[in-house]
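S.K.: Can you read through this structure? Questions will come right after.
The values are calculated or read from the model by the stated rules, or taken from the named source; none is laboratory data. Bear in mind the structure is a predicted one, so any value in this text is a computation, not a measurement. All Cβ positions, even for glycine, are placed from backbone atoms using ideal geometry, and neighbour counts span all protein chains on display. For the accessible areas, the whole protein counts, side chains as well, though only heavy atoms, and no ligand, DNA or RNA atoms are used. Shrake-Rupley method; radii C 1.70, N 1.55, O 1.52, S 1.80 Å.
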Amino acid sequence: MAEQLADIGLIGLAVMGANLAQNMECHGFTVAVWNRDPARVDSFMATVGPHKKFIPTRSPQDFVAALARPRKIMLLVKAGAATDWTIEQLKPYLEPGDIIVDGGNALYHDTIRRAKALKAEGLYFIGCGVSGGEDGARWGPSLMPGGDREAYEQLRPIWEAIAAQVDDGPCVTYIGPDGAGHFVKMVHNGIEYGDMQLIAEAYDLLKRIGRLSALELAAVFAAWNEGVLQSFLIEITAQIFRAVDPETEQPLVELVLDKAGQKGTGKWTVTAALDLEVPIPTIQAALDARLLSALKAEREAAEQIIVGPPTSPEMPDLKDFIILVHHALYASKICSYAQGMALLSTASRVYDWRLKLSDISRIWKGGCIIRAQLLDKIKQAYQRQPDLPNLLLDPDLNRWLTEAQTGWRTVVSLGALAGIPLPAMNASLAYFDSYRTARLPQNLTQAQRDFFGAHTYERLDRPEAGSIHTDWKALIT
């Protein structure tokens, strides 16, 4: 009897890879595994036990030989040089038609390069965003694959089985060619940055102005999770406030150093937006907030020198204030998603990816870190109008923003009067106001540019004249 071959192979047995491999196996697939460090393979096999459908391998050659043709290989290794190294180890043993999937957080430019190079050698390359953390990888992630459609269809039965399942299907779909999948995952992470910062600002307001305790904060966030703000991040925030440090018996969150890290995807999102000339101020503000948080020593010194507002604002009724913060958080969140989706829309046109934003919204409804009730509304918005220029124009979301804006403005004002930094909420509100304003003050900016640099401008009253340069000094009276 011939030795059984694996349905798919997985390389990289750190937390994400190990959990994803187990997810595949428990859905009935035989999985070959390999890791650059053989000890990782041994440890993994010892953990899963001897009766599972895993094939441990010790070398790239043995790994490839353990796979059924056409070979399907998923990489969960560090982005960058490690990914290129792993691909080079595999190539001597592969055949035309074999498929390599990069499931790491790769920069989409790298994915485009790899797809082009491997296609010339007859190999398929898929760049697949994987979101959901270790729990998502084990029990059902959101998957964002981009690359050749033919290769996707061969992987589709596996991915649809292992993905998170929601009311309208598995949280996976074909995203588009070459780097589309990794671009979408990158923007997903950028939206995640914005979401997390907005939640942190809501917490800061409720704690510093509302003076809520950790248990009171937990109750507020738990209640919010029952309504329009329902999301994974709101849910875990409520849980975090209930965690008590066993040594000090204080809320553990208050003992966590206020220096936030970042692994690069937020920066990539901002860079891509600058390259494509798409404004994403909420996401940019969230990145800046993390960078500012890293200046801990400077901030501690500055607090002793720089004086804030001399008086505190008048505290509104606590119940009313909690409602106002709720509205400000939700309205700001809509703006953050609007910015991310606008970036996806522009990238789709520039790279001819033909992204379906309704499908992307759907697969984010489960498994991923930004899963939220709001995504169903976003999906419906793009189903109603696939070419919607901006989510702020959707009648349903626009109606909610119009009703919420008084509370939103009140909260941002209270934060400013109290000296509480609200970079993401402020950015969202400014984005909302800028987008709804027909005439912005950049007419003066253009006049200044033409005055000092002869950069030219266009006239409102004579658009047919095109670019004009004026000797401004000659007109001064």
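S.K.: Relative to the compact-globule scaling 2.2 N^0.38 Å, provide the ratio for the alpha-carbon radius of gyration of segment 324-477.
M.R.: Details: Rg = 20.1 Å, N = 154, 2.2 N^0.38 = 14.9 Å.
Compared with the compact-globule rule of thumb, segment 324-477 sits at 1.34.
S.K.: Loop-only check: which trypsin sites (Lys or Arg not before Pro) in segment 170-253 are DSSP coil with at most 15 other Cβ within 10 angstrom?
M.R.: R211
S.K.: Turning to a different aspect of this structure: How high is the FRET efficiency between T437 and K267 when r is their beta carbon distance and R₀ equals 25 Å, given to the nearest 0.05? Mind dumping the intermediate values first?
M.R.: Working: r = 29 Å, r/R0 = 1.16.
Calculated transfer efficiency: 0.30.
S.K.: A follow-up question, please. About the Cα centre of segment 299-403, how large is the charge dipole given +1 on each Lys and Arg Cβ and -1 on each Asp and Glu Cβ? Please answer in debye to the nearest 20. The partial results should precede the final answer.
M.R.: Working: 13 positive and 12 negative charges, 133 e Å.
The dipole magnitude comes to about 640 debye.
S.K.: Still on this model: Report the equivalent ellipsoid semi-axes for segment 1-105 in whole Å, largest first, defined as the square roots of five times the eigenvalues of the gyration tensor built from alpha carbon atoms.
M.R.: 19, 17, 12
S.K.: With a 1.4 Å probe and all protein chains left in place, how much of the accessible area of segment 1-116 comes from carbon and sulfur atoms, in whole percent? Walk me through the intermediate numbers first.
M.R.: Details: 2880 of 5350 Å².
Of the solvent-accessible surface of segment 1-116, carbon and sulfur hold 54 percent.
S.K.: Let me ask something else. Can you tell me the dipole magnitude for the chain around its Cα centre, using point charges on the Cβ only (Lys, Arg +1; Asp, Glu -1), in Debye to the nearest 20? Mind showing how you got there, number by number?
M.R.: On the way: 47 positive and 56 negative charges, 124 e Å.
Using Cβ point charges on Lys, Arg, Asp and Glu, the chain gives about 600 debye.
S.K.: Is it possible to state the helix-based mean residue ellipticity at 222 nm for the chain, with each DSSP H run of 4+ residues giving -39500 (n - 2.57), the sum divided by total residues, to the nearest 500 deg cm²/dmol? What is it?
M.R.: Details: 19 runs with 257 residues, N = 477.
Theoretical 222 nm ellipticity from helices: -17000 deg cm²/dmol.
S.K.: Helix 81-90 against the longest principal axis of the chain: what's the angle in degrees, Cα atoms only, rounded to the nearest 10?
M.R.: With rounding to tens, the tilt is 20 degrees.
S.K.: Mind checking the per residue accessible area of the chain for me, 1.4 Å probe, whole number of Å²? Mind showing how you got there, number by number?
M.R.: Working: 23060 Å² over 477 residues.
For the chain, the solvent-accessible area averages 48 Å² per residue.
S.K.: Taking 0.36 nm per intervening residue step and subtracting the Cα-Cα distance, what contour gain separates L417 from H27 on full extension? Numbers along the way, then the final one.
M.R.: On the way: separation 390, 0.36 × 390 = 140.40 nm, distance 5.53 nm.
Value of the extension gain: 134.9 nm.
S.K.: Would you please name the GluC sites (Glu not before Pro) within segment 194-289 that are DSSP coil residues with at most 13 other C-beta atoms within 10 Å of their C-beta? Let's see the in-between values first.
M.R.: Details: sites: E201, E216, E226, E235, E247, E249, E254, E277; in loops: E226, E247, E249, E277.
The qualifying sites are E226, E247, E249, E277.
S.K.: Can you quote the Å³ per residue value for the convex hull of the Cα atoms in segment 184-330, rounded to an integer?
M.R.: Values: hull volume 23.2 nm³, N = 147.
Per residue, the Cα convex hull of segment 184-330 comes to 158 Å³.
S.K.: Separate question: Given H placed 1.01 Å from N in the peptide plane, which residues other than close sequence neighbours of G9 have an amide H under 5 Å from its amide H?
M.R.: A32, K72, I73, M74
S.K.: Another question about this same structure. Could you give me D for segment 212-286, from Stokes-Einstein at 20 °C and 1.002 mPa s, where the hydrodynamic radius is the Kirkwood radius over C-alpha pairs? Units µm² s⁻¹, please. Walk me through the numbers on the way to the answer.
M.R.: On the way: Rh = 14.9 Å.
In µm²/s, the coefficient rounds to 144.
S.K.: List the trypsin sites (Lys or Arg not before Pro) within segment 40-109 that fall in a DSSP loop (any state other than H, G, I, E or B) and whose Cβ has at most 16 other Cβ atoms within 10 Å. It would help to have the intermediate numbers written out before the result.
M.R.: Working: sites: R40, K52, K53, R58, R71, K72, K78; in loops: K52, K53, R58, R71, K78.
Qualifying residues, ordered by number: K52, K53, R58, K78.
S.K.: How big is Rg to Rh over segment 137-265, alpha-carbon atoms, Rh as the Kirkwood inverse-mean-distance radius? Numbers along the way, then the final one.
M.R.: Values: Rg = 18.9 Å, Rh = 17.4 Å.
Ratio of gyration radius to Kirkwood radius for segment 137-265: 1.09.
S.K.: Sticking with this structure for a sec: Give me the lysines in straight-line cross-link reach of K259: C-alpha distance below 24 Å, same-chain residues under 8 apart excluded.
M.R.: K78, K207, K267, K296, K333
S.K.: A further question on this structure: In cubic angstrom, how much convex hull volume per residue do the alpha carbon atoms of the chain span?
M.R.: Normalising the Cα hull of the chain by residue number yields 210 Å³.
S.K.: Please compute the contact order of the chain in relative form: average sequence separation of alpha-carbon pairs under 8 Å and at least six residues apart, divided by the residue count, as a percent.
M.R.: Numbers: 787 pairs, mean separation 60.6, N = 477.
Once normalised by length, the contact order is 13 percent.
S.K.: Taking amide H positions as placed 1.01 Å from N in the peptide plane, with prolines and chain starts having none, which residues 5 or more places from G176, or on another chain, fall under 5 Å of its amide H?
M.R.: Those lying under 5 Å, H to H, from G176 are G147, G181.
S.K.: Looking at the calculated P(r) for segment 128-211, what percent of the C-alpha pair distances fall above 23 Å?
M.R.: Details: 1232 of 3486 pairs.
Beyond 23 Å sits 35 percent of the P(r) for segment 128-211.
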